[in-house]
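Contents: one structure, followed by commentary.
The values are calculated or read from the model by the stated rules, or taken from the named source; none is laboratory data. Just so it is clear, the model here is predicted, and its values are computed rather than measured. Cβ placement follows ideal geometry from the backbone for every residue including glycine, while neighbour counts extend to all protein chains displayed.
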Amino acid sequence: MRRILARWTAFYGANPLHLLALLACLALAGYAALLVSSDPLAVRMLLWFLAALIGHDLVLFPLYALADRSLSGLLSRLPRARTATRPTVSPLNYLRIPALGSGLLLLVFLPGIVRQGAVTYLDATGLTQEPFLARWLLLTGTMFGVSAVLYAIRLGAARRTGPRPAD
């Protein structure tokens, strides 16, 4: 049995459970496509899906990959005391995570933040879109603040325990 599994892994490159999970996901996606195909809005949904795919892969991904690469380069140029008594903790992920959260919130709530469709929103809900910008800024500030506190805690813990041995 082990020989068969080893041969399968050498041929396929992964465990057979991986293939089983992949086939189950494809079957589920095919079933969902079959259910939607009779809907008159299926073409519109397909166009939205393709636009989102192209918009992400050709526009957004290069932009945030460039921003991440620039941030990495900027942080690597900052002077740091790398001595045996002062360990360093990279702040990169403590900036990436809140920036990603803020960007996703901006993407989701952009129409409300820029007050697009204010009349329709007011008619539908009886509320204005005024608090959207303030709430987005508050959430963004909170995410960066929590991240800064976590970074300070991690930096303090790293200084108390001392430097890690080099790999």
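Based on what the data block shows, is R154 in contact with a Lys or Arg (Cβ under 8 Å, 6 or more places away or on another chain), at pLDDT below 95 and either small (G, A, S) or outside the structural domain of A51 (by TED's automatic domain parsing) (or both)? Give the steps one after another, and end with the answer.
On the way: in contact with a Lys or Arg (Cβ under 8 Å, 6 or more places away or on another chain): no; at pLDDT below 95: yes; either small (G, A, S) or outside the structural domain of A51 (by TED's automatic domain parsing) (or both): yes.
So R154 fails the test.
So for the stretch 41-50 (the condition being hydrophobic (A, V, I, L, M, F, W, C), assigned to a loop (DSSP other than H, G, I, E, B), out of contact with any Phe, Trp or Tyr (no Cβ under 7 Å at 6 or more places or on another chain) and exposed (fewer than 12 other Cβ atoms within 10 Å of the Cβ)), does at least one residue qualify? Give the steps one after another, and end with the answer.
Residues of the stretch 41-50 hydrophobic (A, V, I, L, M, F, W, C): 41-43, 45-50.
Remaining after also requiring assigned to a loop (DSSP other than H, G, I, E, B): 41.
Subsequent filtering for residues that are out of contact with any Phe, Trp or Tyr (no Cβ under 7 Å at 6 or more places or on another chain) retains 41.
Right, trim to exposed (fewer than 12 other Cβ atoms within 10 Å of the Cβ) and you get 41.
Yes, the stretch 41-50 has at least one match.
Considering only residues of the stretch 86-111 that are part of a loop (DSSP other than H, G, I, E, B) and not hydroxyl-bearing (S, T, Y), which is surrounded by the fewest Cβ atoms within 10 Å (Cβ to Cβ)? I'd like the intermediate steps shown before the answer.
Residues of the stretch 86-111 part of a loop (DSSP other than H, G, I, E, B): 86-91.
Still in the running and not hydroxyl-bearing (S, T, Y): 86-87, 89, 91.
Values: R86: 12, P87: 17, V89: 15, P91: 16.
It comes out as R86.
Restricting to the stretch 112-134, what's the tally of residues that are more than 15 Å from S102 (Cα to Cα) and surrounded by 11 or more Cβ atoms within 10 Å (Cβ to Cβ)? Steps first, please.
First, the residues of the stretch 112-134 that are more than 15 Å from S102 (Cα to Cα): 114-131.
Checking which are surrounded by 11 or more Cβ atoms within 10 Å (Cβ to Cβ) leaves us with 114-118, 121-122, 128-131.
Here the count works out to 11.
If you check G55 against the conditions, is it exposed (fewer than 10 other Cβ atoms within 10 Å of the Cβ), in a helix (DSSP H, G or I) and outside the structural domain of Y151 (by TED's automatic domain parsing)?
Working: exposed (fewer than 10 other Cβ atoms within 10 Å of the Cβ): no; in a helix (DSSP H, G or I): yes; outside the structural domain of Y151 (by TED's automatic domain parsing): yes.
It is false that G55 is exposed (fewer than 10 other Cβ atoms within 10 Å of the Cβ), in a helix (DSSP H, G or I) and outside the structural domain of Y151 (by TED's automatic domain parsing).
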